[in-house]
Amino acid sequence: MDKNTVVGLLLIFAIILGVSFYNSSQQKRNAVSDERYEVSDERYEVNEPQTTDLEPQTANNEPQSVNFTPLTADGEPQPVNLTPFTATSEQQTADYVVETKKAIYHFSKFGGYLKYAQLKDIYGYAPKSEEKPPLVLFNGENTTMNIELMLQNQTYVNTQSCFFASEQPDTLIVDNNNKSLSLRLFPIKDQQIDTAAYIEYVYTFKNDDYSFGFRVHYVNMQNYLYLNTNIFTLQWESALINVERNFNYERDITSIYYMDNLDKVDNLSLTKLEKREISSQLKWVSFKQQFFTTVLVADSGYFSSGQLATASNEAPPALKNLTANMEFDVKNLYNGSFDMTMYIGPNQYKLLRTYNLNLERQVSIGWGFFLLHWINRGAVIPIFDWLSKYALNYGIIILILTILLKIVLLPIAYKTYTSSARMRVLKPEIEEISKKYPKQEDAMKKQQATMALYRSAGVNPMSGCLPMLLQMPILIAMFRFFPSAYELRQQPFLWADDLSTYDSVANFGFSIPFYGDHVSLFCLLMTAATLVYTWLNNKMMTMGNQDQMKMMRVMMYIMPIMFLGVFNSFASGLTYYYLLVNLITFLQMWIFRISVDEGKIRARLQANMTKPKTKSKWQTRMEEMVKQQQQQQQQKRKK
């Protein structure tokens, strides 16, 4: 493969990577571009239920007074003292707390929804000198869940502001047995709480699981809600909060994912804010950030439709505002329910896969291109998981993984080197052709003579391209794998305290355009190794047009410098991997250089030149193309 072909392929590869890197680094700017829209924050305020002329009727056609837990003049829920679940005002303001082996959950007494979630034995980011804080995904202020109800007296009530009572203690510790928390919302009829009718939220927990059951249960509500009302909307809103070191990167990849009734997983745009109407059925909807996800799964069939939206939030530590309004069907109001499961935990491929719901599709391993996710799913992830079982440092695991991959690719690398060597030993003949046709107008003749030389020597200029192309998907697959590998989160190695984010060894206190406000040492070493590799590669390549080659050499040196700015804020595990690839490649080149006898290769090619040759179909086509180009140039000169 001649110099032009090699450079062309390198540039194609650089453009592919460059576009991916550039898009990732620009997501923050795009998210606040002129294309953005604002999702209105319509939070319903429940006032004192109004009595209308359309009040529900009793069996004797006498009007009855119907409402849910009333509010005071200040809009605060009034204490309820007319139920078996009597509570003091102070107790009412506290939360229901559930603790399992995996997490601590707080459920609001007003609304009955999950308002706080802390994962146990997992921590948020903190510098080395500071103690890591508990990992809190919902902090009580950034999430709500509501069902809007229309009463028969045409009054609207929102469950998020209504009092949910429970016979159980305010704190529930889940042991090895499953335990449930039952929260009930009672209507009030004639100033008395009707304990025979209620809307119930039932949360069922396992001790050692990041998921829990969530049932919405309607009992004897036919006297309060319209009988023909079987479709309700679950309104879920959350402003996800930052828990990783790289705030901008975590915000840029935060979005809403969902799976429809055809098991197709999709997501709202990462690069811009979006609002999407889903008319098809939905199996699950998730609020996903970098390494954690909250998923709401419909166990009773499907959500019948959904309205999903992402909006910006300019108040760190909030990442984005996410909204999901999902319709669900309750068959009857006498005793009907809709069952769901809520998962709140790591966005880890092997863990999410155990739920058999395609939840692992939230892990970005190159799903958009089949070859990338096949490589990651079929080779990289299994090897990575296998090595993880031996409790090695993840820096060592990446080293072993890199060595194993380079061993697998060794035949391809050897083929690429020998193809390059066959081209390189023809350097004297190629230089003679260049001297024979020094003028620009003789470029076609020069190209014809070069092709004739290759044909007589039995060299195919494209023979080294396929091996190079086979290695490119693996490099790109790794670019997808390392930033999304939950296993690398907060794993230290050498000077890096977290392989899932950049390894800053110096902070400027100000930002340099295109580079950032810090120095990532692994990225710096990777760039230096790439420059050395480029220099060695240039020395080994054949020479063509000198002026043209000078320009291409400059470009080949500029590309690593450009990548220095792009990779500076990427996961140190990724830049460490690319550094290892370069170092191992140096070793391979040295071994190939001493083991491949280029003198024998040249002697063999010279022997081939003395043999009669028959033209292959490819050679015939190439010669015809060259002749056509030559004729076109001659016609242009005549004009």
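The values are calculated or read from the model by the stated rules, or taken from the named source; none is laboratory data. The shown structure was predicted, so the numbers you read here are calculated from the model rather than taken from an experiment. Heads up, the Cβs are rebuilt from the backbone with ideal geometry, glycines too, and the neighbour counts pull from every protein chain shown. Quick note on the areas: whole protein, heavy atoms, side chains included, nothing else; ligands and nucleic acids left out. Shrake-Rupley method; radii C 1.70, N 1.55, O 1.52, S 1.80 Å.
Key figures
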{"read-out": "Rounded, prolate or oblate (a/c below 1.5 giving rounded, otherwise prolate when a/b exceeds b/c) for region 214-323 by Cα gyration tensor", "value": "prolate"}
{"read-out": "Sulfur and carbon atoms: percent of accessible area, region 305-368 [1.4 Å]", "value": "45 percent"}
{"read-out": "DSSP-loop trypsin sites (Lys or Arg not before Pro) across region 111-193, with at most 14 other Cβ within 10 angstrom", "value": "Lys128"}
{"read-out": "Restricting region 376-452 to chymotrypsin sites (Phe, Trp or Tyr not before Pro) in coil, as DSSP defines it, with at most 13 other Cβ within 10 Å", "value": "Tyr390"}
{"read-out": "Among the listed pairs Lys132/Lys179; Lys132/Lys206; Lys120/Lys389; Lys427/Lys627; Lys101/Lys406, those beyond 29 Å (Cα-Cα)", "value": "Lys132/Lys179; Lys101/Lys406"}
{"read-out": "Cα-based Rg / Dmax (Å) for region 250-383", "value": "15.8, 54"}
{"read-out": "Net charge of neighbours whose Cβ lies under 12 Å from the Cβ of His106, counting Lys and Arg as +1 and Asp and Glu as -1", "value": "-2"}
{"read-out": "Solvent-accessible area of Met451 with every protein chain in place, 1.4 Å probe, in Å² to the nearest 10", "value": "30 Å²"}
{"read-out": "Local electrostatic count at Leu521 - Lys and Arg +1, Asp and Glu -1, tallied over other residues with Cβ under 14 Å", "value": "-3"}
{"read-out": "Members of Lys288/Lys320; Lys115/Lys275; Lys102/Lys283; Lys288/Lys350 lying beyond 22 Å, as alpha-carbon distances in this model show", "value": "Lys115/Lys275; Lys102/Lys283"}
{"read-out": "Binned Cα-Cα distances of region 117-251, short to long, each 10 Å bin given as a whole percent", "value": "9, 30, 29, 20, 9, 3, 0"}
{"read-out": "Counted charge near Val330, where neighbours are those whose Cβ lies closer than 13 Å (Asp, Glu -1; Lys, Arg +1)", "value": "-2"}
{"read-out": "Estimated Rh, region 235-290: Kirkwood, alpha-carbon pairs, angstrom", "value": "12.5 Å"}
{"read-out": "Fully extended contour minus Cα-Cα distance, from Leu371 to Asn332, at 0.36 nm per residue", "value": "9.2 nm"}
{"read-out": "Cα centroid of region 272-289 to Cα centroid of region 318-350, whole Å", "value": "12 Å"}
{"read-out": "Mean separation of Cα contacts under 8 Å (6+ apart) over length of region 282-422, as relative contact order %", "value": "17 percent"}
{"read-out": "Prolate/oblate/rounded label for region 139-199 (Cα gyration tensor, a/c 1.5)", "value": "oblate"}
{"read-out": "Average accessible area per residue (Å²) across region 362-420 - probe 1.4 Å, nucleic acids and ligands excluded", "value": "48 Å²"}
{"read-out": "For q = 0.14, 0.17, 0.18 Å⁻¹, Debye-computed log10 I/I(0) when each Cα of region 476-522 counts as one equal scatterer", "value": "-0.41, -0.59, -0.64"}
{"read-out": "Overall form of region 186-232 per C-alpha gyration tensor (a/c, 1.5; a/b vs b/c)", "value": "oblate"}
{"read-out": "Taking only Cα atoms of region 291-346, radius of gyration then Dmax in Å", "value": "14.9, 45"}
{"read-out": "Accessible surface, per residue, of region 168-310 when the full set of protein chains is kept, probe 1.4 Å, Å²", "value": "38 Å²"}
{"read-out": "Low-density loop cleavage sites - trypsin sites (Lys or Arg not before Pro) in region 338-381, where at most 11 other Cβ are within 10 Å (DSSP)", "value": "none"}
{"read-out": "Accessible-area composition of region 151-278, carbon plus sulfur, in percent [1.4 Å probe]", "value": "42 percent"}
